[in-house]
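A short write-up of the structure that comes next.
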Amino acid sequence: MKGIVFTEFLEMVESIYGLETVDSLLENCDLPSGGAYTSVGTYDFNEMVSLIAELSTVKEISQENLLYSFGHHLFVGLVEAHPDVVSSYRTPLGLLNSIEDHIHIHVKKLYPDAELPQFKVLSKTDNSLEMIYSSSRGLYALAHGLIVRTFEHFEKIVKVDYKLMNENGTEVKFAIIKNG
């Protein structure tokens, strides 16, 4: 998993819960990296699993809610790191519709070893988008947070419904409807 995901996660934890919580997470999780992350590094996905599980336990927040919040936070960090990618879109649906054909291609140029989820668009109208999220990591709640924050970035209101296609959330159908 790319380091930017780890650095943004720890930044979110610090902004919400404080530096003491970040220190506690890094001390209490058995992290092969020692918790020393750089945005351009690559780290074991299981380190993120450990961090999320520990924070979920300590703060008594479901992992799903935690991942949703992180997706919301991560969008802002990604836009700050790569403003040109988002600025080329006029609508949130246009951006989401282009994840595979443009955004992930851009990411792969920057980070050739990045393991990205797949988003297969099933249908698109001017006000809606239906897509399937697929990833062996099952971070659909993170994707959900990113989707909602995308609409907020464009100052639009959205209704997002999703249906798990399997128990572990590695395949999820999102129905996205722009309201206003």
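The values are calculated or read from the model by the stated rules, or taken from the named source; none is laboratory data. What you see is a predicted model, and the numbers here were worked out from it, not measured in a lab. With ideal geometry, Cβ positions are generated from the backbone for all residues, glycine too; neighbour counts draw on all protein chains shown. Accessible surface areas use protein heavy atoms only, side chains included; no ligands, DNA or RNA. Shrake-Rupley method; radii C 1.70, N 1.55, O 1.52, S 1.80 Å.
Brief remarks on what is shown
- Of everything listed in (1) surrounded by 15 or more Cβ atoms within 10 Å (Cβ to Cβ); (2) assigned to a loop (DSSP other than H, G, I, E, B), the single unmet condition for Val160 is (2).
- Residue check for Phe151: open to solvent by less than 40 Å² (accessible area, probe 1.4 Å) and not in a helix (DSSP H, G or I): no
- Residue, farthest from Ser136 (Cα to Cα), within region 2-60, restricted to residues that are aliphatic (A, V, I, L, M) and open to solvent by 30 Å² or more (accessible area, probe 1.4 Å): Leu19
- Among the residues making up region 93-131, those that are surrounded by 15 or more Cβ atoms within 10 Å (Cβ to Cβ), within 16 Å of Asp161 (Cα to Cα) and either without any contact (Cβ under 8 Å) to a residue 40 or more places away in the chain or more than 14 Å from the chain's Cα centre (by Cα) (or both) are Leu93, Phe119, Val121, Lys124, Leu129, Glu130, Met131.
- The set of residues from region 153-180 being charged (D, E, K, R) and touching a residue at least 60 places away in the same chain (Cβ under 8 Å) comprises Lys156, Lys178.
- Checklist (1) open to solvent by 50 Å² or more (accessible area, probe 1.4 Å); (2) in a helix (DSSP H, G or I) applied to Arg90, failing item: (2)
- Subset of region 19-31 (residues that are modelled with pLDDT of 95 or more and outside any helix (DSSP H, G or I)): Cys29, Leu31
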